[in-house]
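The values are calculated or read from the model by the stated rules, or taken from the named source; none is laboratory data. Keep in mind it's a predicted model, so treat the numbers as computed, not measured. Because the Cβ atoms are built from the backbone with ideal geometry, glycine has one as well, and the counts that use them run over all protein chains shown. SASA here: full protein model, heavy atoms, side chains in, ligands and nucleic acids out. Shrake-Rupley method; radii C 1.70, N 1.55, O 1.52, S 1.80 Å.
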Amino acid sequence: GQTGSGKTFSMSGPEDYVGANKHDVLVDSHKIPESIKSICRDIVTEQELYQGLIPRTIKEIFRAIKLIKKKNPSTKVSVEATYVEIYNEKVFDLLRPSSNVTVRQHPKFGFYADEVFSAKCDSVQEMMKVFVMGTFNKKVSSTAMNSESSRSHTLLSIAVKQTFTSITGETTIQGKLTLVDLAGSERLKQTGVRDHEETSNINKSLFALSNCIQRLGTGRDHVPFRDSNLTKLLMESLGATAKSLLICCMSPSSRYIDESVNTLMFASKAANIEKQNVVNLTPHELEVQQLKDIIEKLQETNLQEKNELEKKVSKCQTQITILRNLLTENGIQIPEMDMEDIKETTQEEIKEVAKQVETDQNQVATNEQNQESTPQKLSKGFAKPLS
């Protein structure tokens, strides 16, 4: 969306989230319109009403972790977060502003930001401190359209790893969520920004992103993710098998109708992207998971067959008892039979049947081979093989 249209507000919430000491999480609740307060008062608190997508997401992640641990106390869950920004096509670590970050490419995992500080978080409060500290360090300046305009793109990545024990052994699954706050597209005559290079780099990276989305939507083979550091770091989210959500913000002013139309066109391109969401596993992990699934299915099948067999045996025993009683009442004595002898006899009969089946299968295979070799013998005397 256009600069000043509410992107950062939608993602982060009100400006007062960053307190004076970098650790306070504040909400300016008096800015909420009274009409909205009256509608939502019975649903959420005023503080929750004005929260951005990132704080809501952090709370939801740890709420889900709490439910998982409650269901299975032995489950281990670890959460780590990285927070970077892209300013003038350079990547900076918002948790260590003085460090240099290089975008590299792994032959298997794609593009990634190298030497980025990863913060381990065990609670909502710890994750919010990471978010607030990083937000405090990002590039912000005043323009004619926005007093607190984001001058960079920010990417908050949250990695969750879960280890639990199942009937097939210890299993580890992991996933990553990237929350992106894009800088807005700008026109110098509207914003009055003097740093032309800054504006040019913002628009250049947004154009590269739009180009990638357009090519993904049309199903073209080549997608130019290398054109910008932004598209490199978003390649996994856009072009892979991840789920993606795009929020488009527009200004209600008729002065910016052209930018609003461009935003809607951008959204329509993104809506055309078709992706198949799958669980990303290495070939070894995939094979292990498939074998585990087969074992679980076989165990379920065996258990079902065992239960059915026990029901049939119980029914047969009941019928035998009834028949024996009837015969006894009519003066006919039936000698007692040893169940172990019956089992041994049954097993011997099964082995004989299996042996006979194997013999029949070998005979069929021999006949098929003889039939296949007959045309070859007939065709040896001809220059061309028989059709």
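Residue under question is Leu291, and the condition is that it be at pLDDT 75 or above, assigned to a helix (DSSP H, G or I), under 30 Å from Phe164 (Cα atoms) and within 30 Å of the chain's Cα centre (by Cα); does it hold? Show your work before the answer.
Details: at pLDDT 75 or above: yes; assigned to a helix (DSSP H, G or I): yes; under 30 Å from Phe164 (Cα atoms): yes; within 30 Å of the chain's Cα centre (by Cα): yes.
Criteria met by Leu291.
Looking only at region 232-265, filter to residues that are buried (at least 17 other Cβ atoms within 10 Å of the Cβ) and acidic (Asp, Glu); which one of those is farthest from Thr8 (Cα to Cα)?
Across region 232-265, the extreme among qualifying residues is Glu236.
Which residue out of Ser123, Ser150 is at pLDDT 90 or above and small (Gly, Ala, Ser)? Before the answer, list the steps.
On the way: Ser150 fails: at pLDDT 90 or above.
Answer to the selection: Ser123.
Condition check: at pLDDT 85 or above and either open to solvent by 90 Å² or more (accessible area, probe 1.4 Å) or not aromatic (Phe, Trp, Tyr) (or both). Does Glu300 satisfy that? Outline the logic, then answer.
Numbers: at pLDDT 85 or above: yes; either open to solvent by 90 Å² or more (accessible area, probe 1.4 Å) or not aromatic (Phe, Trp, Tyr) (or both): yes.
The answer is yes for Glu300.
When only residues in region 188-207 that are modelled with pLDDT under 60 and part of a helix (DSSP H, G or I) count, which is surrounded by the fewest Cβ atoms within 10 Å (Cβ to Cβ)?
The residue in question is Lys189.
Pairs under 6 Å by beta carbon, first residue touching a residue at least 12 places away in the same chain (Cβ under 8 Å) in region 208-233, partner part of a loop (DSSP other than H, G, I, E, B) and buried (at least 22 other Cβ atoms within 10 Å of the Cβ), six or more apart or different chains?
Within 6 Å, the pairs are Ala208/Ser228.
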